[in-house]
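> I am attaching a structure below and will ask some questions about it afterwards.
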Amino acid sequence: MTTTTTTTVTTAPPEKHAPAAVADERPRTRRRGLAPGRRLPAARLTGPLLLLVLWAAASAAGRLDPGAVPAPWTVLETGARLWTDGTLTDDILTSLQRAGSGFAIGLTAGVLLALASGLTRTGEALIDGTVNLNRAIPTLGLIPLFILWLGIGETFKIAIIAIVVYIPIYLNTHAALSGIDHRFVELAEVQGLSKLAFIREIVVPGALPGFFVGLRLGVTGSWLGLVVLEQINATSGLGYLMFQAQNYGQSDVILVGLVVYGVFGLISDSVVRLIERRVLSWRRTLSN
C-alpha cells in the first residue's frame, strides 16, 4: 500500500516594495525671493526723519554754526511766530494759488498735446518737434522774454509754471502712447471698436503709467519754478519771504520757507502716488 505524503507550502505575504526614492530628511533652505518685499507703512518718511535727527544732533553738539544753519527748534519757533502774525499764512496762500493755476494749465496742455501728437501723424508732425525744441530751451531763460510779453505781474509767473509742468507730462504721456503694442490696435480693429471706444479701452489704460510719471515730475517742477519766480519783482509768496530774509541775513526764515516748500512737495507727490496706486491697482509691479 502506497502512502502519499502531501507537503503544504505556506507562502508568505508579498512584502511591500520600498519607495524608489527616499525622502531627504534634511531641512530645505528656502529660496530667497527677488522682489523687494512687503511695503513698510510710512517708509518714505524714514529718510526725512533721519535727516531731521542728524540735524538736531549736530546742532545740539555745536557742530553747526547757528548763524548759518539754525537748530530745528529755532526754525520751528520762527515758523510759529510767522504763522501767528499772519505773514506765513498769506504767503502760503499766495504761493498755492500761483502753483495751482500754473499746474492746472500745464496739466491740461500736456495731456491734450500728447493725445493729439500720439494719436495722429499730423499732430505728431506739428507738435512733437515743437515741444522737444521747447524742452531744449531752459525754461527759466524765457523769463525776460515773457516779462516783455506779459508784464511783471502774475500772468508771466503762471505761464512759466505752466511750461515747466506741461513738458514732462507731454513727454511721458506721449512716450507711453507710442509704446502701446500694435497688436492691441489690430485686436481693436478686429473687434470693430469705434474711435471713442478704442481710446477708452486701449489708449487710456496704456498711457496711464507714463502719464503718472509725468504728473509727478510736473508737480515737483511747479514748486521748483515757483521758488525762483517769486523772487522776481514779487510782493508776496514764500519766495518773496525768503528773498527778504536773505537781505536781512535771517537764515532761520529762509529755512522756514525751504521746509514749507519741501513739505508741500512731499505731500503733493504722495497724493499723486496714492492716486496712481488706486487707478492702476490692476498692475502687478515691484512696488505693490
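> By accessible area of protein heavy atoms, probe 1.4 Å, what ranking do HIS182, HIS174 get, highest first?
HIS182, HIS174
> Would you mind classifying segment 214-267 by shape? Square roots of the alpha carbon gyration tensor eigenvalues, ordered a ≥ b ≥ c; an a/c under 1.5 is rounded, otherwise it is prolate if a/b is larger than b/c and oblate if not.
Note, shape of segment 214-267 comes out oblate.
> After finding the eigenvalues of the alpha carbon gyration tensor for segment 196-245, what semi-axes result from the square roots of 5 times each, listed largest first in whole Å? Kindly include the intermediate steps, with their values, before the conclusion.
Working: eigenvalues 307, 18, 7 Å².
So the equivalent ellipsoid measures 39, 9, 6 Å along its semi-axes.
> Quick check: at a probe of 1.4 Å, how many percent of the accessible area of segment 190-246 sits on carbon and sulfur atoms?
65 percent
> Quick one: Cα centre-to-centre distance for segment 58-115 and segment 121-135, in angstrom?
Spelled out, the Cα-based centre of one part sits 35 Å from the other.
> Sequence-distant or interchain residues sharing an amide H contact under 5 Å with ARG283, placed H: which?
Long-range HN contacts for ARG283: none found.
> Right, something else. So if I restrict to the alpha-carbon atoms in segment 43-143, what is the Rg, and what is Dmax, the biggest pairwise distance, in Å?
22.3, 64
The values are calculated or read from the model by the stated rules, or taken from the named source; none is laboratory data. The structure presented is a predicted model; accordingly, all values stated were derived computationally and were not measured. Each accessible area value is taken on the protein alone, full model and side chains, heavy atoms only, with ligands, DNA and RNA left out. Shrake-Rupley method; radii C 1.70, N 1.55, O 1.52, S 1.80 Å.
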